[in-house]
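Reading through the structure tokens given below for one structure.
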Amino acid sequence: MEREKRKFISPLTLILIIVLVAIISFNAILLYTIFRLNEELSSMYNEIIKLQKSYTDLSLQILSLLYDDYGGVTYLHGNATGFFHVEKIYGKFWLIDPEGNLFISKGVNHVDYWGDDSPSLGYSPYNRYVSEKYGSADKWAEEAVSRLRKWGFNTIGAWSSRETYNKGIPYTIILNIALNAGASWLIGNVADYFSREFEEAAEKIAREECAPRRDDKYLIGYFIDNELRWAADWRSSNELFDDYMLLPPEAEGKKALVKFLREKYGEISSLNRAWRTIFSSFDDLLLERQAPKTSAVDDDRRGFLRIIAEQYFKLTYNIIKKYDPNHLILGCRFAYKPPNEVLYGSIGYTDVVSVNCYTNPYSNDLELKIMDLKEIYRITCLPIMITEFSFKAMDSGLPNSKGAGVPVKTQAERAKYYEEYVKAMIKQPFIIGYHWFQYSDQPYEGRFDGENSNFGLVTIRDEPWETLLQKATVVNLEAELAHLREEE
């Protein structure tokens, strides 16, 4: 429920905010100056670098007074329930942390001690370096979390090492329920969401992963899956209706499809007229593997897609909530804006819509992506979390030939793209967080699917990309104030 009356900012915190904004503004001016120094001013360049670092450190010291232990801002308040939840305040959505303070989830995916294995090498280069450097996953996790906090991040994203979960920083978990029931991210196979196998996978995962965490105050919530195929895309030309037509007659999904058609048409003669077919009964459809190409079938494809989506979201929501009623269901990380029928099917069965959203913030595509996000919000009336975005620089020495993310020339451009992207997203009233992909770079030789990109905040040798991180730190620390401002 939207709240109309709030006492937000005390005089002390207002003074701290003004000082912080002044420091951040001066810091930004220094960074702008650095990018434009020529080679003849190298000594001045070094002095400005040192000065800029001192102002960044001072900003962090001031910010320690403005953030609580979870990373929520102490000058903006919602209801304290003891767990993360969502509220809409003055027309804007926010996460609310366990202490009742407003929270923007500024996360990083794949904060992983093991890094990415390279099949051609037979090992993970990142893990080889950090194993020698830290000696254990726990010590590595302590340093990784300390770094993330220093850089203004406050959330451990998907696919992260479990050792990061108990280090005093909010975290999220990806459950991969459909993946465990036969779906495939890589080739786009779709699971039978009506099957006993899917329900059993959801029960097993929720029992093992969710039940033990039901009282964990640092857990924000659960992602159900990642980038499931909800329509024809780069992995398959099939719509989900067509995938379910291919199921054997005994499959629960095939029975659900025939049930949908029976309820819609009532008589087989009505379906035959619409489809231009000559079936004797609806049971004949159980043996049919392909639908004809007619406009009526296209309508049925859309209608059944909503049934599929509702089954997926309702079943997973109810099972997760049975084992853990305290934490948020964060959606299934759409790879793109799904068909509207999927969004309608999700209503009532997820707390947040999660979207992986890669785009060039200096192109028209940014506005198209934001229009998609606005349409998702219009249909669902739910807050949205950006769960993947990234930029990769060619000066990193990595091929950058596979994987999403816009390629840029330099780390300086990478930093500028980060700033422009986050500022464009965070001013949307329905955005409650953004998660960068990913913590460490991918191997030069490629991971399991060939991705070989400069996605990391740190290199394969665990060395921070300082130019990117200087900018990201400033942008992250301004995120709450940016979200408060009116959209231009």
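The values are calculated or read from the model by the stated rules, or taken from the named source; none is laboratory data. For clarity, every value in this text was computed on a predicted model and none was experimentally measured. For neighbour counting, all protein chains shown are included, and Cβ atoms are generated from backbone atoms with ideal geometry for every residue, glycine included.
Numbers below:
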{"quantity": "Wholly within region 46-112, strands (runs of 3 or more DSSP E) carrying at least 1 residues that are at pLDDT below 95, over 19 Å from the mean Cα position of the chain (by Cα) and not β-branched (Val, Ile, Thr)", "calculated": "73-77"}
{"quantity": "Looking only at region 232-285, and only at residues there that are outside the structural domain of residue 190 (by TED's automatic domain parsing) and among the polar types (S, T, N, Q), the one that is nearest to residue 187 (Cα to Cα)", "calculated": "277"}
{"quantity": "Residues (out of contact with any Leu (no Cβ under 6 Å at 6 or more places or on another chain), under 30 Å from residue 173 (Cβ atoms) and surrounded by 17 or more Cβ atoms within 10 Å (Cβ to Cβ)) located in region 270-320", "calculated": "306, 307, 309, 310, 311, 312, 313, 315, 316, 317, 319, 320"}
{"quantity": "Residue match in region 443-451 (condition: within 20 Å of residue 359 (Cα to Cα), outside the structural domain of residue 89 (by TED's automatic domain parsing) and buried (at least 22 other Cβ atoms within 10 Å of the Cβ))", "calculated": "no"}
{"quantity": "Residue 460 being more than 30 Å from residue 125 (Cβ to Cβ) and either of a type outside the set (Phe, Trp, Tyr) or under 17 Å from the mean Cα position of the chain (by Cα) (or both)", "calculated": "no"}
{"quantity": "Failed condition for residue 205, given (1) aliphatic (A, V, I, L, M); (2) surrounded by fewer than 16 Cβ atoms within 10 Å (Cβ to Cβ); (3) touching a residue at least 24 places away in the same chain (Cβ under 8 Å)", "calculated": "(2)"}
{"quantity": "Number of the exception - residue 195 against (1) within 30 Å of residue 242 (Cα to Cα); (2) buried (at least 22 other Cβ atoms within 10 Å of the Cβ); (3) small (Gly, Ala, Ser)", "calculated": "(2)"}
{"quantity": "Selection from region 422-448 of residues that are over 16 Å from the mean Cα position of the chain (by Cα) and closer than 15 Å to residue 398 by Cβ", "calculated": "440, 441, 442, 443, 444, 445, 446, 447"}
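Listed here are the residues, each with its yes/no results for (1) touching a residue at least 60 places away in the same chain (Cβ under 8 Å); (2) surrounded by 14 or more Cβ atoms within 10 Å (Cβ to Cβ); (3) not hydrophobic (A, V, I, L, M, F, W, C).
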{"site": "359", "(1), (2), (3)": "yes, yes, yes"}
{"site": "362", "(1), (2), (3)": "no, yes, yes"}
{"site": "367", "(1), (2), (3)": "no, no, yes"}
{"site": "371", "(1), (2), (3)": "no, no, no"}
{"site": "380", "(1), (2), (3)": "no, yes, yes"}
{"site": "383", "(1), (2), (3)": "yes, yes, yes"}
{"site": "387", "(1), (2), (3)": "yes, yes, yes"}
{"site": "393", "(1), (2), (3)": "yes, yes, no"}
